[in-house]
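The values are calculated or read from the model by the stated rules, or taken from the named source; none is laboratory data. Fair warning: this is a prediction, and the values are worked out from it, not measured in the lab. A quick note on method: Cβ atoms are made from the backbone with ideal geometry, for glycine too, and the neighbour counts reach across all protein chains shown. Note: accessible area is taken over every heavy atom of the protein model, side chains too, but ligands, DNA and RNA are not part of it. Shrake-Rupley method; radii C 1.70, N 1.55, O 1.52, S 1.80 Å.
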Amino acid sequence: MIPFNKPAVAGLEEHYIKEAIERGHLSGDGHFTKMCSKWLEEHFLAEKVLLTTSCTHALEMAAILADIREGDEVILPSYTFVSTANAFALRGAKIIFVDIRPDTMNMDEKLIEQAITARTRAIVPVHYAGVACEMDAIMEIANRYNLVVIEDAAQGVISKYKGKYLGTIGHLGCYSFHETKNYNCGEGGALVINDARFIERAEIIREKGTNRARFFRGQVDKYSWVDIGSSYLPSELNAAFLYAQFENAERINSYRLDCWYTYFNGLKPLEDEEKIVLPFIPEHIDHNAHMFYLKTSNLEERTSLIAYLKSKGIQTVFHYIPLHSSQAGLEFGEMIGRDNYTTIESERLLRLPLYYNITLEEINIVINEIVNYYNFM
Ligand SMILES: *Cc1c(COP(=O)(O)O)cnc(C)c1O
């Protein structure tokens, strides 16, 4: 049996969790939380990084920081995980969905400007599969209309766009350390703050709306309730686990890339025969092999391929029922422009097993079964 995912374990996770217990500080913002945020700030050249309990929560913090209110509009792709939209719907915003590009499955940057109105406040590009959106074009539009850009880089940790790490290009960036992502601690995330005017308020929102961070730095002599907020900081146990992953980030990244290119090269003949479509990586992008997917001709073929692979002990999955046609999407949002690709391309996409602890032999088994399916079924 080859499962779709197994959470990565890099080596020293248990050792660091034990160390956290010995240090006697298990709530947030202890030794390991500081080590993790420092690691992210130094490696990604980020102004400020705050560890959070999830990417969902980092997005919620970003929505509060961007001061999104009732009736404001936020532009994002319909082809994404629910949290991208939910964070803004929670603040009373109307979600404006735009179509994707079929080549990268990312929001089509050419469709953003036509979706802007006087009520638009933010753009939320999602770097699907760890492949960057066209950030130059997006930042240019945002600057022209004075909009906040919040990158949903849940899948894009360690990927780059024109040499810059994803999450550090917009005003705010959000990472996920969920067990299905490249670096994980079960459930976790981070908010990257690239615009210094947001730093102090971000610390307050993350600490239940209190100025506790300033109190710990000795900048005020008591802390109290100063703003809205919630409990967005993870426990030291999670941070200890995560730090072990960061220490091995290069190893994890290069192994995932090996897996990714094994799939790509192994399945390329099927693409050349026009039986399937493989992912496209634009030239100016360094991706992190977050995901390997292929596209079948249509939904029916995908359903049949999933069943075939399952019968061979291989688990594959698809995702994202387009948000604009979902129950909540219809209530809280609207698609501007046509759905040329979102629905049709999402119905063709199939994700293959890819994780740190998969072997190249297992990947070759998956490749061979897909080749068998197309050549002999
Ligand atoms: C995984 C994911 C999220 C949510 O991350 P959590 O850490 O599970 O909250 C948000 N957006 C995208 C695009 C994701 O892939």
Residues with amide H under 5 Å from that of SER159, placed H, sequence gap 5 or more: LEU166
Using θ = phi - 60° and Karplus 6.51 cos²θ - 1.76 cosθ + 1.60, couplings along segment 315-324 (whole Hz; Gly, Pro as x): 9, 10, 9, 10, 7, 6, 5, x, 5, 5
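Using the heavy atoms of the protein chains and a 1.4 angstrom probe, tell me the accessible area per residue for the chain in square angstrom.
43
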Segment 113-130 - phi-based ³J(HN,Hα) in whole Hz, Karplus 6.51/-1.76/1.60, Gly and Pro as x: 4, 5, 8, 7, 10, 5, 9, 5, 10, 8, 10, 10, x, 10, 8, 5, 6, x
Nonlocal amide H pairs with GLU187, under 5 Å, H built at 1.01 Å: none
Those GluC sites (Glu not before Pro) in segment 127-201 that DSSP places in a loop and that have at most 15 other beta carbons within 10 Å: GLU179
Share of carbon and sulfur in the accessible heavy-atom surface of segment 13-247 [1.4 Å probe, %]: 50
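If you count the DSSP beta bridges with both ends in the chain, what percent of them are antiparallel, to the nearest 5?
55
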Of all accessible heavy-atom area on segment 249-376, the percent that carbon and sulfur account for (1.4 Å): 52
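Among 192-198, 25-31, how do they line up by average Cβ neighbours within 10 Å per residue, starting with the highest? Don't jump to the answer; show the numbers that get you there.
Details: 192-198: 18.3, 25-31: 16.6.
In descending order of packing, they fall as 192-198, 25-31.
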Whole-Hz ³J(HN,Hα) from phi, Karplus 6.51 cos²θ - 1.76 cosθ + 1.60, for segment 161-177, glycine and proline x: 10, 6, x, 9, 5, 5, x, 9, 9, x, 5, 9, x, 10, 10, 10, 10
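Rounded, prolate or oblate: which fits segment 4-94, taking a ≥ b ≥ c as square roots of the Cα gyration tensor eigenvalues, rounded meaning a/c under 1.5, else prolate when a/b beats b/c?
Numbers: a/c = 2.45, a/b = 1.93, b/c = 1.27.
Prolate, because a/c is 1.5 or more and a/b exceeds b/c.
How long are the three semi-axes of the equivalent ellipsoid for the chain, computed from the Cα gyration tensor as the root of 5 times each eigenvalue, in whole Å, largest first? Mind dumping the intermediate values first?
Working: eigenvalues 242, 146, 54 Å².
After scaling each eigenvalue by five and taking roots: 35, 27, 16 Å.
Given the pairs LYS275/LYS295; LYS6/LYS310; LYS181/LYS268; LYS6/LYS268; LYS268/LYS295; LYS160/LYS181, which are separated by over 19 angstrom at their Cα positions?
Working: LYS275/LYS295 9 Å; LYS6/LYS310 17 Å; LYS181/LYS268 25 Å; LYS6/LYS268 26 Å; LYS268/LYS295 12 Å; LYS160/LYS181 16 Å.
Flagged as over cut-off: LYS181/LYS268; LYS6/LYS268.
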